[in-house]
Amino acid sequence: MNKSENERLAETCRQIRRDIVETLGFIGSGHPGPSLSLVEILTTLYFHELRLNPADPNWVGRDIMVLSKGHGALCLYCVLARRGFFPVEELKTFECLGSRLQGHPDCLLTPGVELSTGSLGQGLSFAVGAAIGAKKRGYKTRVFCILGDGETEEGNVWEAAMCASKFKLDNLVAIVDWNGLQGGVTLQVMPSLEPYGAKWEAFGWHVIDLNGHDIGALLAAYKKASETPERPTLIIARTVKGKGVSFMENEPEWHGKKLEGQELVQARREVGLD
């Protein structure tokens, strides 16, 4: 990756953060923290890594990306809009009645959304099935699935992990948005998740642990995953919940708090809107 590509993606990340904050200002509600932590992950996927065609979202040759942590939908919508799946102006309708952009992704409504998510723990199972199907058909499809750290407390995540290893799904990449927070502090809610990477390795996965806001590290990890034979890859992306807005960073209350008043003014200023 050359410097100009890194700079291009970094500028796109800045734009996505502006879009997230601006959209939250229109409606007030949403999930600020989980959306802001995802920016670099989703931007590097959609603007560099994934094979896709916004003019034909169901193109048979596309790669598949599943946002299993569906409460991060606003970030996904901002990325899809900037990538050309629907007009950026449509972001103003987020969570409005009749909108295609609901609080959690809906694959029947929104172009570019592969799976309706919101019931946590479901996405990896779907991704495993998609990866198996692609292999059986001889497609070059790669399947990516983004999970929350707290989401991996769900038992069927580990059932899917076992299945992916059994079928040697080297076309599958799971990315855990590890920001350390859920309804509380993740490792206080379920301390037995640790040693985290070692658990996935024991299930037969190739594990990469990195800074989830480091664009170069993410791109290198995607490349390494594509070169690792006969094993699925798990990327532990260490992120900051609420990244980019100082008073939201690492604050559990901003999981789903309204952004309004002076806090909205400050957030807009910090991301460069005002």
Which log10 I(q)/I(0) values, to two decimals, does the chain give at q = 0.08, 0.09, 0.10, 0.11 Å⁻¹ under the Debye formula with one point per Cα?
-0.29, -0.38, -0.47, -0.57
GNM on the chain, C-alpha springs below 10 Å: top fluctuator among 194, 154, 22?
194
Per residue, the convex hull volume that the Cα atoms of region 157-242 enclose (Å³):
87 Å³
Show which lysines lie in cross-link reach of residue 258 when reach means a straight Cα distance below 18 angstrom and same-chain residues fewer than eight apart are skipped.
92, 241, 243
Among beta bridges assigned by DSSP with both residues in the chain, the antiparallel ones amount in percent, to the nearest 5, to 5 percent
Starting from the coordinates of the alpha-carbon atoms of region 98-152, obtain the Kirkwood hydrodynamic radius over all distinct pairs and give the value in Å to one decimal.
12.6 Å
Here the FRET efficiency for residue 211 versus residue 97, based on Cβ atoms and R0 = 35 Å and rounded to 0.05, is 0.35
Neighbour counts of other C-beta atoms within 10 Å: give me 163, 78, 145 arranged from fewest to most.
163, 78, 145
Length gained if residue 107 through residue 5 is fully extended, taking 0.36 nm per residue and subtracting the Cα-Cα distance, is 33.7 nm
Would you please report the Å³ per residue occupied by the convex hull of the alpha carbon atoms in region 200-274?
114 Å³
Under a point spin-label approximation (7 Å from Cα along Cα-to-Cβ), what is the residue 185-residue 139 distance to one decimal in nm?
4.3 nm
Just to be sure I understand: with springs between alpha-carbon atoms less than 10 Å apart, which residue in 99, 35, 68 has the highest mean-square fluctuation in the Gaussian network model of the chain?
99
Which lysines does residue 166 reach when only Cα atoms under 22 Å apart count, and residues fewer than 8 places away in its own chain are ignored?
135, 136, 140, 199, 224
Within 10 Å, count the other beta carbons around each residue, average over each peptide in 253-264, 104-115, and list them highest first.
104-115, 253-264
Within region 8-104, which trypsin sites (Lys or Arg not before Pro) sit in a loop by DSSP and count at most 12 neighbouring Cβ atoms inside 10 Å?
51
Would you give the gap between the C-alpha center of region 145-220 and the C-alpha center of region 54-132, rounded to a whole Å?
21 Å
Within the set of other residues whose C-beta is less than 14 Å from the C-beta of residue 93, count the net charge using Lys and Arg as +1 and Asp and Glu as -1.
-4
Quick one: 117, 186, fewest Cβ neighbours within 10 Å first, how do they rank?
186, 117
So which aspartates and glutamates can residue 223 reach, going by Cα to Cα under 18 Å and dropping same-chain residues fewer than 8 places off?
5, 40, 49, 63, 170, 209, 214
What's the exposure ranking of 141, 44, going from fewest to most Cβ atoms within 10 Å?
141, 44
Given 4 °C, 1.567 mPa s and a Kirkwood radius over Cα pairs, the Stokes-Einstein diffusion coefficient of region 130-274 in µm²/s is 77 µm²/s
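We did not get these values from a lab; they are worked out from the coordinates using the rules stated. None of the values given here were measured: they were computed from a predicted structure. Note: ideal-geometry Cβ built from the backbone for every residue, glycine included; neighbour counts use all protein chains shown.
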